[in-house]
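The values are calculated or read from the model by the stated rules, or taken from the named source; none is laboratory data. Nothing here was measured: the structure is a model prediction, and the numbers come from that model. Using ideal geometry, Cβ is built from the backbone for each residue, glycine included, and neighbour counts are taken over all protein chains shown. What goes into the accessible areas is simple: the full protein's heavy atoms, side chains included, and nothing from ligands, DNA or RNA. Shrake-Rupley method; radii C 1.70, N 1.55, O 1.52, S 1.80 Å.
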Amino acid sequence: MTESTRRTAIMEAVERLLARGGLNAVTMRAVATEADVSLRLVQYYGSTKDELLSATLDRLADKSVERWQARTRRQGDESPLEVIKAFYDEALPTDRASQDFHRVGVCMEGLAITGPDMAGQAYQRQLSGLEDHLSGVLKSSGLSTTAARCLALEVMALAHGVGTLVMTGQLSETDAQTLIKNYLERLGPQLSP
């Protein structure tokens with residue numbers, strides 16, 4: 001087994017544990033058992049739970065951005081409105097991968113709120129990177145830096161809130177998609193050149 005394969009197996013084990021049982025499910029021993037590797041190997045890739053969580057969040061964030069960018073390319077239109085639509089398509093927890101990502105994100109959000117540890121900082125980096133990317137897309141439509149940043153944060157907040165409502169059963173997937181569609185229709189005139 002290559003080093004890359006071992007690292008991937010460990011990160012995937014952390015993801016599964018987080019998705020199934022939240023932060024309390026992730027211990028060094030549980031990760032070793034889940035990945036079917038030795039505890040020593042887990043500790044080699046992350047000497048603390050925080051390091052494992054941080055690396056896992058970075059990996060999940062990269063995968064989510066890749067899926068989002070792939071959606072944008074498949075749609076063939078990289079206008080700001082289409083990029084935001086692709087973002088919502090990716091962010092709404094409508095399949096296993098996006099549901100797991102949302103669960104992990106909520107766990108990490110709790111860490112970012114309660115303590116400035118490594119995993120909390122990783123979540124903050126993820127949010128900042130997402131904000132920067134969305135702001136850049138929105139500035140390309142002619143918005144000022146401040147307006148683009150505010151709109152990027154609004155888009156992110158709506159995605160997070162709607163995702164949580166879907167995950168908790170307060171909003172059906174169909175109703176969530178209708179809500180997003182209506183929001184995008186209202187947003188469209190702001191992004192027209």
Exercise. Do the conditions hold for GLN99, that is, is it out of contact with any Phe, Trp or Tyr (no Cβ under 9 Å at 6 or more places or on another chain), surrounded by 16 or more Cβ atoms within 10 Å (Cβ to Cβ) and part of a helix (DSSP H, G or I)?
Worked result: yes
Problem set entry | Subset of segment 155-172 [surrounded by 11 or more Cβ atoms within 10 Å (Cβ to Cβ) and more than 18 Å from the chain's Cα centre (by Cα)] | GLN170, LEU171, SER172
Exercise. So, in segment 69-96, of the ones that are surrounded by fewer than 19 Cβ atoms within 10 Å (Cβ to Cβ) and within 30 Å of ALA35 (Cα to Cα), which residue ends up modelled with the lowest pLDDT?
Worked result: GLN69
For this session: For residues that are under 23 Å from the mean Cα position of the chain (by Cα) and either crowded, with 16+ Cβ neighbours inside 10 Å or charged (D, E, K, R) (or both), tally how many sit in segment 141-154.
Result: 5
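Can you pull out every residue in segment 38-62 that is β-branched (Val, Ile, Thr) and open to solvent by 30 Å² or more (accessible area, probe 1.4 Å)?
Going through segment 38-62, the residues β-branched (Val, Ile, Thr) turn out to be 42, 48, 56.
Listed by number, the list holds a single entry, THR48.
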Problem set entry | Matching option when the condition is surrounded by fewer than 16 Cβ atoms within 10 Å (Cβ to Cβ), under 21 Å from ARG96 (Cβ atoms) and at pLDDT 90 or above, among GLU34, GLU12, GLU66 | GLU12
